[in-house]
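Student: The structure follows.
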Amino acid sequence: MDQISTRQSLPAEPRDFGFYVDGAWVPAAERAVFTRHSPAHDVPVTRIPKCTEGDLDMAVDAARRAFDDRRWSGLSGQARAAVLLKAGALIRARAEEIAYWETLENGKPIAQARGEVLGCADMYEYASGLARSLHGDSFNNLGDGMMGLVTREPVGVVGIITPWNFPFLILCERVPYILASGCTIVVKPSEMTSATSLILAQILTEAGLPDGCMNVVTGSGSTIGQAMAEHPRIDMLSFTGSTAVGRRVVEAAGKSNFKKLGLELGGKNPQVVFADADLEDAADGVAFGIAFNTGQCCVSGSRLIVERSVADRFAEMVRDKLSRAVVGDPLDEATQIGAITTEAQNRTILFYIEKGKEEGARLICGGGALDMGQGQYIAPTIFGDVTPDMVIARDEIFGPVLTILPFDTLDEAIAIANDTDYGLAASVWTKDIDKALVVTRRVQAGRFWVNCTLAGGPELPLGGFKQSGWGREAGKYGVEEYTQIKSVHIEIGKRRPWIA
Ligand code: NAD
């Protein structure tokens with residue numbers, strides 16, 4: 001796969017998209033259209049239809065028909081695997097194109113976007129194996145007259161609502177696993193970043209996915225998203241986004257058909273650094289953990305909990321690392337930190353930076369917007385002397401803002417790490433295996449990293465403890481999540497009569 005250049009050009013015109021239902025594009029036609037501007041370049045890049053609730057019904061009906069007539073769930077695992085493998089190959093072949101539109105709508109560095117897209121191809125390849133190995137259980141110990149089976153069946157029509165921070169990656173942490181299970185899908189991407197979800201739908205048709213199994217409806221969260229949560233013919237909803245909207249989704253599901261929910265919500269993730277860690281390694285990891293994707297990352301390591309004896313030296317090491325990160329035009333191959341994706345998020349991050357200053361935290365670096373001539377950028381920011389009660393230590397900022405909380409003992413480190421409503425992810429940095437294991441066991445988080453951070457892949461599941469969510473995506477757990485279990489009792493020979 002060739003890279004087009006070291007600095008791709010902007011599109012001459014914004015690209016017009018329709019939405020995707022029953023294996024075909026539906027043109028925007030007379031519908032209102034949302035024009036998305038590149039957050040890094042301030043120019044219009046895509047035009048996306050604002051779908052209506054009628055459009056959503058059309059997509060749900062298509063997914064419903066495709067599920068109920070068994071055109072997908074009735075296929076063998078081998079046949080489903082073949083489609084997933086082909087999808088992986090097509091994603092690889094179109095990685096440059098997908099990365100380009102992801103970067104334009106999101107503002108993330110093109111090299112990072114490319115890496116994410118290639119990682120997504122791997123997820124389809126991995127999930128193809130799961131389509132073939134998914135199975136239930138059997139009971140051969142019920143006596144000579146009875147045998148028991150436990151079978152897994154696909155849940156049905158699954159809605160997926162995604163956020164704007166990893167539009168393609170988060171979608172692909174779900175779609176191949178859901179398809180492996182035999183379900184059909186209706187997606188609503190974030191209105192800020194719809195392009196690559198739409199491209200994916202077309203790729204899946206090309207890969208041989210039967211019509212109606214993957215539908216994408218674009219539009220706002222308050223209309224289409226809310227209508228999906230309330231929809232009586234959607235059997236399960238995978239929602240990824242803020243904890244506040246997640247709460248609304250739970251209420252809507254309860255008021256409609258009690259659809260099964262998967263929730264991947266916010267995080268305020270601790271990075272626990274002991275004095276005996278390889279501090280050079282840890283400083284690089286902590287800098288990466290807070291600045292990757294400009295900190296707009298649910299698993300970003302935003303709370304540095306560091307042993308007091310090395311706290312000042314370590315803060316200086318992280319500051320030095322961040323000062324050398326390349327911030328700039330995300331279309332440039334060398335860029336490591338791109339733009340802030342939405343204007344609202346830009347305002348939120350700047351609000352929290354001011355809050356940190358007001359609360360009396362010590363500003364170590366950054367502290368505001370970066371003027372790059374165009375687009376919206378924020379300097380990686382570190383606050384020292386943070387106390388656990390400060391707002392910047394408690395709220396998810398979702399930006400490149402690191403708060404430092406020192407500790408003296410292992411128990412204190414664990415208590416600070418757990419002093420949050422969230423439980424999405426955590427890291428520990430130490431050369432002492434006992435400390436690493438104690439922290440791994442006692443810190444409440446769905447994902448844990450030892451002497452690394454933000455590592456991932458299709459094998460290991462994702463999901464949160466506490467208010468970070470319900471359920472798991474990816475790995476074998478990610479397929480099982482989209483199945484329901486049926487137990488089957490089979491009489492062997494003549495039944496013992498109830499009335500003789
Ligand atoms: P958001 O909650 O504002 O929006 C997420 C999605 O929900 C969007 O598609 C939006 O249109 C839709 N939505 C908005 N209102 C809705 C409603 N009433 N009903 C149904 N859907 C609605 O989140 P965001 O700003 O796009 O993303 C940032 C948040 O997402 C952060 O809190 C972050 O931690 C979280 N996130 C979590 C994970 C994870 O895996 N845990 C991953 C990425 C992002």
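Student: Tell me, yes or no, whether the stretch 241-250 has at least one residue that is of a type outside the set (Ser, Thr, Tyr), within 14 Å of the ligand (Cβ to nearest atom), closer than 22 Å to GLY475 by Cβ and open to solvent by 10 Å² or more (accessible area, probe 1.4 Å).
Tutor: yes
Student: Let me ask something else about it. When the residues of the stretch 335-357 are filtered to those that are part of a helix (DSSP H, G or I) and of a type in the set (A, V, I, L, M), which remaining residue is nearest to the ligand (Cβ to nearest atom)?
Tutor: Taking the candidates together, the pick is ALA344.
Student: Working only within the stretch 428-454, note down all residues that are open to solvent by less than 40 Å² (accessible area, probe 1.4 Å) and within 16 Å of the ligand (Cβ to nearest atom).
Tutor: ALA445, GLY446, TRP449, THR453, LEU454, listed by residue number.
Student: Quick check on the stretch 257-296: of everything there that is within 12 Å of the ligand (Cβ to nearest atom) and either among the aliphatic types (A, V, I, L, M) or open to solvent by 40 Å² or more (accessible area, probe 1.4 Å) (or both), which residue is nearest to THR381 (Cα to Cα)?
Tutor: Selected residue: LEU265.
Student: How many residues, within the stretch 14-70, are part of a helix (DSSP H, G or I) and touching a helix residue (DSSP H, G or I) at 6+ places or on another chain (Cβ under 9 Å)?
Tutor: 5
Student: Next question, about the same structure. Tally up the residues in the stretch 216-240 that are open to solvent by 20 Å² or more (accessible area, probe 1.4 Å) and not β-branched (Val, Ile, Thr), please.
Tutor: The qualifying residues number 8.
Student: I'd like to verify a number: residues in the stretch 147-184 that are of a type in the set (A, V, I, L, M, F, W, C), more than 15 Å from the ligand (Cβ to nearest atom), open to solvent by less than 10 Å² (accessible area, probe 1.4 Å) and closer than 23 Å to GLY246 by Cα, how many?
Tutor: 3
Student: Consider ILE353 carefully, then state whether it is farther than 16 Å from CYS297 by Cα and not aromatic (Phe, Trp, Tyr).
Tutor: yes
Student: May I pose another question? Give me the residue from the stretch 297-315 that is more than 10 Å from ILE404 (Cα to Cα) and β-branched (Val, Ile, Thr) and, out of that set, nearest to the ligand (Cβ to nearest atom).
Tutor: VAL299
Student: Identify all residues within the stretch 217-228 that are near the ligand (Cβ under 9 Å from one of its atoms), out of contact with any Leu (no Cβ under 6 Å at 6 or more places or on another chain) and touching a residue at least 40 places away in the same chain (Cβ under 8 Å); write none if there are none.
Tutor: Scanning the stretch 217-228 gives GLY219, SER220, GLY221, THR223, GLY225, MET228.
Student: Given the residues ALA29, ALA40, ALA63, which is the only one that is at pLDDT 95 or above and either charged (D, E, K, R) or more than 30 Å from GLY373 (Cβ to Cβ) (or both)?
Tutor: So the residue among ALA29, ALA40, ALA63 that is at pLDDT 95 or above and either charged (D, E, K, R) or more than 30 Å from GLY373 (Cβ to Cβ) (or both) is ALA63.
Student: Now for a different question. Looking only at the stretch 289-344, which residues are under 21 Å from ASP278 (Cβ atoms) and touching a Lys or Arg at 6+ places or on another chain (Cβ under 8 Å)?
Tutor: Correct list: ARG303 only.
Student: What tally of residues in the stretch 455-467 results from selecting those that are surrounded by 17 or more Cβ atoms within 10 Å (Cβ to Cβ) and within 12 Å of the chain's Cα centre (by Cα)?
Tutor: 4
Student: Separate question: Given the options PHE34, PHE19, name the one that is open to solvent by 50 Å² or more (accessible area, probe 1.4 Å), among the aromatic types (Phe, Trp, Tyr) and under 25 Å from the mean Cα position of the chain (by Cα).
Tutor: PHE34
The values are calculated or read from the model by the stated rules, or taken from the named source; none is laboratory data. Just so it is clear, the model here is predicted, and its values are computed rather than measured. Note that each Cβ is placed from the backbone with ideal geometry, even for glycine, and that neighbours are counted across all protein chains shown. Quick note on the areas: whole protein, heavy atoms, side chains included, nothing else; ligands and nucleic acids left out. Shrake-Rupley method; radii C 1.70, N 1.55, O 1.52, S 1.80 Å.
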